[in-house]
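To keep things clear, I will list the structure first and then write my remarks on it.
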Amino acid sequence: MPPTIALDDPRRADVLALLEEHLADMYATSPAESVHALDPSALAVPGVTFWTARDDAGLLLGCVALKELAPDDGELKSMRTAAAARGRGVGGALLAHVLGQARGRGYRTLHLETGTQDFFAPARRLYARAGFAPCPPFGAYVEDPNSAFYRLELAPAG
């Protein structure tokens, strides 16, 4: 059964635990200056929309955020699948949800930054399957051997 994806509060207790795990993994695999994950307070500001995926019993399976960069451009942020839910399609479902939301907002492009280390290989494969292509740094990002940048051209909703 596919997860239920809905708007949520990144400061909710079970979400906080997942985001703390996410940040701990980012700092364990990348130098601090190369960690661009948002903390819970940064995920709760205007311009950032945050969703969680839950099973039918309400168990948290994962999360994702969409940050508006411009009226026609967004950035995928803080996509994370709970360890117990990996390999069950949660990441793909979250990504499909965000792509639909971005198209519905009229975004022409969606960007993301992820790590270059082996730890991030499954995420890079997921993004490539969805059509994301490598691109130069965007927004305030700069070249970094620990960061991989991607861009997806979105077809209009319809």
Flag for A140 being among the small types (G, A, S), without any contact (Cβ under 8 Å) to a residue 24 or more places away in the chain and farther than 17 Å from T4 by Cα: yes
Just to be sure before I move on: is R151 without any contact (Cβ under 8 Å) to a residue 12 or more places away in the chain, under 16 Å from the mean Cα position of the chain (by Cα) and under 22 Å from M26 (Cβ atoms) in the structure I sent? no
Only one residue in A93, A17, A32 is open to solvent by 50 Å² or more (accessible area, probe 1.4 Å), over 27 Å from E143 (Cβ atoms) and among the aliphatic types (A, V, I, L, M), so which one is that? A17
Of the residues that sit in region 131-158 and are in contact with a helix residue (DSSP H, G or I) (Cβ under 6 Å, 6 or more places away or on another chain) and aliphatic (A, V, I, L, M), which one is modelled with the lowest pLDDT? A157
Looking only at region 129-158, count every residue that is among the hydrophobic types (A, V, I, L, M, F, W, C) and either assigned to a loop (DSSP other than H, G, I, E, B) or open to solvent by 60 Å² or more (accessible area, probe 1.4 Å) (or both) and tell me the total. 9
Within region 70-80, track down each residue that is open to solvent by 20 Å² or more (accessible area, probe 1.4 Å) and within 19 Å of D39 (Cβ to Cβ). M79
Out of A24, A65, A28, which single residue is touching a strand residue (DSSP E or B) at 6+ places or on another chain (Cβ under 7 Å) and not in a loop (DSSP other than H, G, I, E, B)? A65
State the number of residues belonging to region 116-128 that are in contact with a helix residue (DSSP H, G or I) (Cβ under 8 Å, 6 or more places away or on another chain) and at pLDDT 95 or above. 2
Just to be sure, is T4 within 13 Å of the chain's Cα centre (by Cα) and at pLDDT 95 or above? no
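The values are calculated or read from the model by the stated rules, or taken from the named source; none is laboratory data. Computed from a prediction, not measured in an experiment: that's the story for all the values here. In this analysis, Cβ positions are derived from the backbone assuming ideal geometry, glycine residues included, and neighbour counts consider all displayed protein chains. Protein only, heavy atoms only, side chains kept; ligands, DNA and RNA dropped before computing areas. Shrake-Rupley method; radii C 1.70, N 1.55, O 1.52, S 1.80 Å.
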